[in-house]
Amino acid sequence: MKIARAEYNLFGVNTYIVWNPDSCEAAVIDPGMQNPDECAHFKQVVERMELQITHLINTHLHIDHTLGDEFVESMYGVGLMANDADAALGASRGSQAAMFHLRGVPDTPVTIDINIKNGDKIFLGDEYLQVIEVPGHSPGSVALYSPVDKFVITGDALFKGSIGRTDLPGGDHGTLVKAVTNELLTLPDETVVYPGHGPSTTIGAEKISNPYL
Ligand SMILES: [Zn+2]
């Protein structure tokens, strides 16, 4: 499985494309495209890489991670996979937009088409991403783990040198620390961490140096 990153919108969200190089089936994770220019950029990348977008996955439903959901759904005819515990957040995208004083961005409710939960495997051809529930930043936050290719997409649960904020609706600091400690830091040290914002890191590096854990 291969992975590539693009950074979109004023929150600097990392949008990831994960694909099977044999079948060219690809998953878009946290599409953050905020405007037509960013959507056009994404479309170009997909065309240049000759990928077929077969999955759309959100690590969680905060507005900065969902701004490109409608574009991906309509452009590629895919439904949204996310954890049901974030359904209320998806329904409240309008109030999230108001809270951050965002104008001219998608602010209609986000609807989950397929619930993904702990242990689920999302297949791209014969390769897969495994769903790991990491609640705390939001109730339904998930990470997506490739044990074969040794990487994990952590959304806003775990960053290089930090963890997610827990002051937004549904956040809980103790829950987040427990989930990251029990579910992510127990992965092999060499696992590369691809967070929802900022640079990548490894599980081993965060175990040693992350001051929040
Ligand atoms: Zn978030």
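The values are calculated or read from the model by the stated rules, or taken from the named source; none is laboratory data. Given the structure is predicted, the values throughout are model-derived calculations rather than measurements. As a convention, Cβ positions derive from the backbone with ideal geometry for all residues, glycine included, and neighbour counts pool all protein chains shown.
Provide a single number: the residues in the stretch 17-71 that are hydrophobic (A, V, I, L, M, F, W, C), within 13 Å of ALA6 (Cα to Cα) and assigned to a loop (DSSP other than H, G, I, E, B). If you could, list the steps in order and put the result at the bottom.
Taking the stretch 17-71 and keeping what is hydrophobic (A, V, I, L, M, F, W, C), we get 17-19, 24, 26-29, 33, 39-40, 42, 45-46, 49, 51, 53, 56-57, 61, 63, 67, 71.
Okay, now just the ones that are also within 13 Å of ALA6 (Cα to Cα), so 17-18, 28-29, 33, 39-40, 42, 45-46.
Checking which are assigned to a loop (DSSP other than H, G, I, E, B) leaves us with 33.
Residues meeting the conditions: 1.
Any idea which residue in the stretch 130-162 is farthest from the ligand (Cβ to nearest atom), counting only those that are more than 13 Å from ILE29 (Cβ to Cβ) and aliphatic (A, V, I, L, M)?
Among those residues, the one meeting the criterion is VAL148.
Determine, yes or no, whether GLY174 is more than 16 Å from the ligand (Cβ to nearest atom), surrounded by fewer than 14 Cβ atoms within 10 Å (Cβ to Cβ) and not in a loop (DSSP other than H, G, I, E, B). Quick ask: steps written out before the conclusion?
Numbers: more than 16 Å from the ligand (Cβ to nearest atom): yes; surrounded by fewer than 14 Cβ atoms within 10 Å (Cβ to Cβ): yes; not in a loop (DSSP other than H, G, I, E, B): yes.
In short, yes.
List the residue pairs whose Cβ atoms are under 6 Å apart, where the first residue sits in the stretch 145-172 and is within 14 Å of VAL134 (Cβ to Cβ) and at pLDDT 95 or above, the second is among the small types (Gly, Ala, Ser) and away from the ligand (no atom under 12 Å from the Cβ), and the two are 6 or more positions apart or on different chains.
VAL152/ALA143; THR154/ALA143; PHE159/GLY198
In the stretch 106-137, how many are modelled with pLDDT under 95 and β-branched (Val, Ile, Thr)?
The number of residues fulfilling the criteria is 1.
Listed here are the residues, each with its yes/no results for (1) assigned to a loop (DSSP other than H, G, I, E, B); (2) out of contact with any Ser or Thr (no Cβ under 6 Å at 6 or more places or on another chain); (3) more than 22 Å from ILE53 (Cα to Cα).
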| residue | (1), (2), (3) |
| --- | --- |
| ALA97 | no, yes, yes |
| ASP107 | yes, yes, yes |
| TYR128 | no, yes, no |
| PRO135 | yes, no, yes |
| ALA143 | no, no, no |
| THR166 | yes, yes, yes |
| GLU183 | no, yes, yes |
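As an exercise: evaluate TYR76 against (1) at pLDDT 95 or above; (2) within 16 Å of the ligand (Cβ to nearest atom); (3) not small (Gly, Ala, Ser) and give the number of the one condition it does not meet.
All conditions are met except number (2).
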